[in-house]
Each structure stands twice: as C-alpha cells, then as structure tokens.
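Asker: Pasting in a structure now, in structure tokens, and then I'll have a few things to ask.
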Amino acid sequence: MKIVFLSYYSGLVNRGVETFVHELANRLSHHNDIKVFQGGPQLPGAKYSAENIESDTVKDFSIQALERIKDTKIILFPTNGRWQSLLC
C-alpha cells in the first residue's frame, strides 16, 4: 500500500504532529511504501522516503506536494489542517 503524509513542519521542529508522523511512518514502512513531504531535511533514523519542499506557507507547501503526487491510488494524510485538508 502507498501512504503519503503531508507534514509542513517535519524536519524543522520536533513537536507533537511531527513526532507522530515520524513514528507512524517508521512503523508502517515495514509493509508499505511510505513517503513524507516535509519542510525540512529527512530525520535521522527515518525508514521511509522523505521529500523536502521549501515554502513560506502551509498552503503553498500543500499545493506543491499535491502536484508532485503522481499516483492516485494512495492513502493521503494531511496533518496541518485548514488549507491542507481542503486542498486534499
């Protein structure tokens, strides 16, 4: 199964949702293809694929991430609310 997380602050700060995404992505990566679009570099110990998207706003980040998703058969987790949820 292909799973994509959108996590704007991952790689930049280490708080609640960022830690949640990192831990869940690592645990799911044993049997799934996991990709995390994030605003910073890949975290140490990551067992998943991460792609850094530099952007000034969550909205712009989300639009860029969604444009890079080529496969339509995925499970998509927006984690930053509002614009991200609406765009997804």
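Asker: Looking at the range 1-58 only, could you name the residues that are under 11 Å from the mean Cα position of the chain (by Cα), in a loop (DSSP other than H, G, I, E, B) and not β-branched (Val, Ile, Thr)?
Answerer: Tyr8, Tyr9, Gly11, Gly39, Gly40, Gln42, Tyr48
Asker: Taking the range 26-49 on its own, how many of its residues are within 16 Å of Ile74 (Cα to Cα) and surrounded by 18 or more Cβ atoms within 10 Å (Cβ to Cβ)?
Answerer: Here is the first cut: in the range 26-49, the residues within 16 Å of Ile74 (Cα to Cα) are 28-29, 31-37, 48-49.
Retained after the next criterion (residues that are surrounded by 18 or more Cβ atoms within 10 Å (Cβ to Cβ)): 34-37, 48.
Going through the range 26-49 one residue at a time, the tally reaches 5.
Asker: Pick from the range 66-88 the residues that are of a type in the set (A, V, I, L, M) and not in a helix (DSSP H, G or I): which of them is surrounded by the fewest Cβ atoms within 10 Å (Cβ to Cβ)? Steps first, please.
Answerer: Going through the range 66-88, the residues of a type in the set (A, V, I, L, M) turn out to be 66, 69, 74-76, 86-87.
Still in the list and also not in a helix (DSSP H, G or I): 69, 74-76.
Numbers: Ile69: 15, Ile74: 14, Ile75: 12, Leu76: 15.
Out of the qualifying residues, it is Ile75.
Asker: Right, something else. What are the residues in the range 1-18 that are farther than 16 Å from Gly81 by Cα and of a type outside the set (Gly, Ala, Ser), if any?
Answerer: Keep residues of the range 1-18 that are farther than 16 Å from Gly81 by Cα, which gives 1-3, 11-14.
Across the range 1-18, the qualifying residues are Met1, Lys2, Ile3, Leu12, Val13, Asn14.
All of the numbers you see were taken from the coordinates with simple rules; none came from a lab. Worth saying up front: this structure is predicted, and the values here are computed from it rather than measured. Cβ coordinates were reconstructed from backbone atoms using ideal geometry, including for glycine residues, and neighbour counts include every protein chain displayed.
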